[in-house]
Amino acid sequence: MSDNNQPAGLHICRRLSYAVGHFLNDLCASMWFTYLLVYYHTVLGFKNTYAGVLLLAGQIADGICTPLIGYESDTTKGCGTYGKRKTWHLVGTVSVLVSFAFIFNQCIGCDVNTPQYASLVYFLPFIVVFQFGWAATQISHLSLIPELVTCEYAKVELTAYRYAFTVVANITVYGAAWLFFHLQAGHEDASLGPADIPVFRNLSLLVLAVGAVTSVLFHVGTREKSYGAADAEAEPGERQHLLSSAPKPPNPAPCTAKLQWKHWLLEPSFYQVALLYMSTRLIVNLSQTYVSMYLTNTLMLPKNYIATIPLVMYVSGFVSSFIMKPISKLIGKCMTYFAGLLLIMAFGYWCLLDTHMASSVYGAAVLLGTGSATILVMSLSLTADLIGDQTQSGAFVYGAMSFTDKLANGLVVMLIQGLHPCQTEACCPACVWYYHYVMSGVTGGVAMLASLVLCTLLIWPIKLRRRLPVISGLLGTEDTETDDTSEDTSPSLN
C-alpha cells in the first residue's frame, strides 16, 4: 500500500484527539478578537487608541514569537521522547492558562482615579505572555498536520476537523456569553458598561477550564513520531551496513532533499501562499473584531446580539466545514476558496446597501460565517500543500504565515482605531456610519485583494521551483546542486 493511502487509516479517535488540541486557543481567540475592543473601550472606558494599542501589542508579540517558535520547533528535539511539537504545545498551553484570565478582569489595585496609561502598562505583560503561549500552541498544532497525514485530501479532512472544533469553540463562547448576559442581574439594560465586567471575567474563567480539559485529551490521544528513531533509520551508513549482504538495486531511488528555513525564502510559492493566508486572516479576524461594535453602535441592537450574531456565524461555518472535502475534490481547492470569497463579497455589499438591518442581520451573518469558514480551511490546506513532505521545516512555514497575518491585523486595527471619530469612551453620531463602512469596506476590500492573489495561484500553481541537492539513500552519495536557471522538473504541490 502506498503512502498516499496511509492517512485513510488514521483512526477517528486520533483525528478527534488532534482536532481538540487547538480548542483552548480557539476559545481564547474568540474572546480576544470579538470582545477585546468592546471590553476595553465600552466596559472599562479606555480611549479608542489605548484599546487599539493593547490589541496591536498583542499582535506584534504574536507576530514576533511565531516565526521564532516555528524555527525552534523545527530544530529542537523536544523533551525526551515526548516529541518536539507536543513539547512546544505544552509550553504554550501553560502560558495561556496562567495569563488569559488577567486580560478580561479589572486591574488589581486600580480604581476610578487610576490613570489609563497605568492600567495599560498593567495589562501589557499578561497580553505578551498570552500571545507567546497562543503562538507556541498554534504553530506546534498546525505543523503536526503534514506529519500525521500525507494524502492531499486527508490534509483537507484533518484541517476541516480542526476547523469544526474551532467553530464549536466559538459557539461555546458565544452561547456562554448569551447565557451570562441573560442571567445577569438587571440584564434588561441593553447597553454595555462597567456592570458587565463580571460577565467577561466569568466567561474567561469558563474558557480556561474547558480548554484545559481538551488540552489534556490532545496530549493523551495524539502520538507524535519519534524523531530520533526516524533519523537513525534514515542514516545512509547504517542502512548500508545492515544491507551489505543483500543485493543492491541497480538504480536506487534518491530521497527528497530537505529544505531548511532559508530555502523557503527563495520560493515564489511561499510568498503567494503567505499573501493568501494574510488576506484570509484579515477577513476573518477583522470582521470578528468589529462585528460587536457594528451591532451595538451602527445597528443600535441590544447587547445580547454580540453573542447571538457571532453564534449564527459559527454555526453556519460548522455546517459548511463538513462539505468542504467533497467540494474541493469536485472543483479544486482554489475554486472552493473563490466560492468562499464570493460569499464574503456578498456580505460586504449587503452591509453597504442595507443601512438599517433588523432581522435580516441573521442572513448576513450566515453569509459571513460560511464564507469565512471556507476560505480559512482552504488557506490552511494550501499551506499544507506547500509544505508537502518537507515536514522538518513545516513549523517555520506556518510561523511565517502567521507572522504576516498577525502584523497585518495589528496594523490595520491600529489604523482603524486611530481614524475613529471619537477618541473617548463616549460615542457621537459619526460612530454610527464609521463602523458601517468598516464592516463593508474591510470585508469586501480584502476579499478583492485575496481574489487577485488567488489569480496568481491559478497562473503559477504551488510548486517548489528551486532544485536542491539530492541524497542517494543507499549509496550515501550527494548530487551537486544544479543552477537555478535549469529546467524545473519538480512536481507540482497543487
Practice task
Go from 0 up to the bin containing the longest alpha carbon distance in the stretch 84-200, width 5 Å each, and give me the % of pairs per bin.
Solution key: 2, 10, 12, 14, 16, 15, 12, 8, 6, 3, 1, 0
Fill in the blank from the handout: The long-range amide H neighbours of Lys463, using H built 1.01 Å from N in the peptide plane and a cut-off of under 5 Å, are Ser269, Leu493
Handout entry: Theoretical gain in end-to-end length, Val94 to Leu265 [0.36 nm per residue, Cα-Cα removed]
Key = 58.4 nm
Completion exercise
Flagged as over-length at 27 Å C-alpha distance, from Lys325/Lys463; Lys86/Lys329; Lys77/Lys325; Lys155/Lys262, the pairs are Lys86/Lys329; Lys77/Lys325
Problem - Debye intensity ratio I(q)/I(0), log10, the stretch 270-389, q values 0.09, 0.11, 0.13, 0.21 Å⁻¹ (C-alpha model) - result: -0.26, -0.39, -0.53, -1.15
Practice task
DSSP loop (so not H, G, I, E, B), at most 10 other Cβ within 10 Å: list which GluC sites (Glu not before Pro) in the stretch 124-196 pass both filters.
Solution key: Glu188
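Every number here is computed from the coordinates shown, using simple stated rules; none is lab data. All figures in this text were calculated on a predicted structure; none of them were measured in a lab. Every residue, glycine among them, receives a Cβ derived from its backbone with ideal geometry; neighbour counts consider all protein chains shown.
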